[in-house]
1. Output ³J(HN,Hα) for the range 386-392: one whole-Hz value per residue in order, computed from phi by the Karplus curve 6.51 cos²θ - 1.76 cosθ + 1.60 with θ = phi - 60°, and x for Gly and Pro.
2. Once Rh for the range 366-453 is found with the Kirkwood sum over Cα pairs, what is the Stokes-Einstein diffusion coefficient at 4 °C and 1.567 mPa s, in µm²/s?
3. Can you work out the base-10 log of I(q)/I(0) for the range 442-537 at q = 0.10, 0.11, 0.18, 0.25 1/Å, using the Debye formula on its C-alpha atoms alone?
4. Take peptides 224-233, 158-167 and line them up by average Cβ neighbours within 10 Å, highest first, as a rough protection proxy.
5. Could you work out what % of the accessible surface of the range 174-226 is carbon and sulfur, using a 1.4 angstrom probe and leaving DNA, RNA and ligands out of the count?
6. Using a 1.4 angstrom probe on heavy atoms only, work out the carbon and sulfur share of the accessible area of the range 345-482 in %.
7. What ranking, highest mean first, results for peptides 433-446, 181-194 when packing means the other Cβ atoms within 10 Å averaged over each residue?
8. Assuming a ≥ b ≥ c are the square roots of the Cα gyration tensor eigenvalues, decide whether the range 375-423 counts as rounded (a/c under 1.5), prolate (otherwise, with a/b larger than b/c) or oblate.
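The values are calculated or read from the model by the stated rules, or taken from the named source; none is laboratory data. This one's a predicted model, so the numbers in the text were calculated from it and none came from an experiment. All Cβ positions, even for glycine, are placed from backbone atoms using ideal geometry, and neighbour counts span all protein chains on display. The accessibility values were calculated without ligands, DNA or RNA, using every heavy atom of the protein model including side chains. Shrake-Rupley method; radii C 1.70, N 1.55, O 1.52, S 1.80 Å.
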Amino acid sequence: MIPLLSLGLLYIGDVLGNVKGLPSDSEKAIPELNVMEETLAINISGRVTSGSDEEGIPGVTVLEKGTNNGSVTDIDGEYSIEVAGPTSVLVFSYVGYETQEVSVGNQTNINISLQETMSAMNEVVVTALGIERDQRSLGYDVSTVDAEDVTQVSQENVLSSLAGRMAGVTINQTSGPGSSMSMVIRGASSLTSDNQPLFVVDGVPMSNSLNNVSQNGDGNQVDYGNAISDINPDDIASVSVLKGPSAAALYGTRAGNGVVIITTKSGKKGKDMGVSFSTSNVFERPTRLLDFHYKFANGQREGVFNDGSAYWGGPQLDVGNLAPQWDSPLDENGNRIPTELRSYPNAMRDFMQTGITSNNNLAVSGGSDKATYRVSYANMLHQGMIPNSDLIRHNISASVSYDILENLKLNTNFNYSNSSSNDRPSTGDRRANPLEAVYDASYIDYEGMKGIWIPGQEGIQQVRTPAGDNPYFIAYGMQNAFRRDRIYGNVSLDYKISEDFNFTARYSLDRSDENRETKIPFSYSRMARGGYYNSDL
C-alpha cells in the first residue's frame, strides 16, 4: 500500500504542477491539496443582556473581528450572525458598556452579559425621591448625563441634547423643530400607549405625552411640543435615567416605562455671590434633501405608445416642451403665452432658510454657612429652516435652602416658563405643509411666488402652483400661534432624625395655561373662505 500511496501523491502533484505551472515533486503537491480545502460558515445566535439586571439590550453591535461582517441586537437583545468558521472572534460593543470579545470555537449559541464602564459604576447618582446613592450599590441600571453635556450644543428642546448619550435610550423628534420629542427606554413595551417615561424634576413628576397636537382647520394639524420642552437646559445639574422595573417602584404605574430624574442647579454653602453669563448660537442648513424626479411635470396629458396603447402623464421637462405657466406673459387677449417647461432641482434648498437657535442665560448664586441661593433668567430664540416658523422661550428659576435648625432644613425650588410662537408649521395633510407643497411640483421657480397674492386680489386669492397651494402662502398666510405659561416647583422640610433616618414633607406644583390661535386666509385649497380658531387649555 505504501508504494501505491506515494504514486498517487506524485500523480496529483504532477497534474497540479502542469495546470498551475508549479514543480511536480511530492513536497509541493501536498500544500496544493490544502488550498482545495473549504471552511464551512457557522450561524451564531444568542442574547446580550445588561450585567446589572439581566435585561436584553437593544442596539448592541456584534462584529466579526477583522471584517465588516456584523449584526445588531433587536429589541429583546437577541442577535444572529454568520461567521467564517471556528477561528472567528465576535466583538460585542455598546455605548456606556465595556466591549467584550468571544472566540466562536464549536459554539452556535453565545449569550453574554455586558458590564457598564467602571467610571459610570463609581458615580453617585440621584435615585427615587431625590435620594443619592452609590451607583455600584444599586440593583438596577442607571445612566447619567452631566450638565456640560446637556448645554454643549444649543437645542430648542432639552431632550435633543440627550440623544445618543445613554445606553438603551432612543430619542426621536416626531416632526420638525419645536415639536414633541419621543423618548423610549429599552424599546417599546406597549402597543396602546406612547411608551414615554415619567419625568421627575426636583421631586415634581411631569408627564411628557406625545399628544400635544391639535387640528384647527381642514388638514391643518399642529404639534405644539411636549411639557419637557419648557425646561431651561442651563438650569440642569444632572440627568439620571432609571431603567429597571424595580427602579421605578416608588413612583407606581406611571413609571412603567422608566423614570428620568432631572436635578437642577443650586447655590453652595460658604461661597460668595457670583454672577455667570453664557450664550450659545447654532446655525442650521439642510445637508441632505429628499430625492425627487426632475424629468416630468405635473398634470395629465393623453398620449399614444407606438403599439397604439394610451398613456397619461405630465410633459417632459428640459426638452423644449411649452405650456402656459403661472408666471407666463400675457398676450393681447389676456391669455398666458406658453413658455418652456424646465426643472428646478434646487427648489427645496432655495425655499428653506438658515435656522438659528440662540440661548442666553444669566445666573446669580452663592451661600453662607446656613443658606444657599441661585436665581437665573434665560431666553431662547429659535428661527426654523421653514420660513416664518419660530419658537421663543423665557425661563425664570429660583432655588433657596436654609438650615432652620441643625437637623431641620428648608428647601424651595420654583420655575416659571413662557413659551410662544408666531407660527408653528403644520405636520398634517400635505396641502397644509409648506415643505410638501414645494415637492409637489419640481418645475417651478418658487422665488417669484413670495408675493403670495394675485395683484388686485390681495387677501382674497393666492398665486397658485399647478399642483395646489403656494408654499409661501402656507408658510406666511396660514398662522398657528400659541402661548404657554407654566409654573412648577416645590417646598420641602427635611428633618434628620438620625444618621440612617430622614423625614421629608414636600409640597409640589405643576400648572400650565395655554392659548392657541390659528388663522387661515381665503383661497386655502381645503377651505376656500378661510377660518379662525382660538382655544384655551
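1. My calculation for the range 386-392 gives 7, x, 6, 8, 7, 8, 10 Hz in order.
2. Working: Rh = 17.7 Å.
Rounded, D is 73 µm²/s.
3. Debye intensities relative to I(0), on a log10 scale: -0.50, -0.54, -0.88, -1.22.
4. Values: 224-233: 23.5, 158-167: 19.5.
Ranked from most to least packed, the peptides come out as 224-233, 158-167.
5. Details: 900 of 1840 Å².
The C+S portion of the solvent-accessible surface of the range 174-226 is 49 percent.
6. Details: 3090 of 5620 Å².
It is 55 percent, rounded to a whole number.
7. Values: 433-446: 21.3, 181-194: 16.2.
Averaged packing, sorted descending, gives the order 433-446, 181-194.
8. Values: a/c = 6.55, a/b = 5.26, b/c = 1.24.
It is prolate, given that a/c is not under 1.5 and a/b is the larger ratio.
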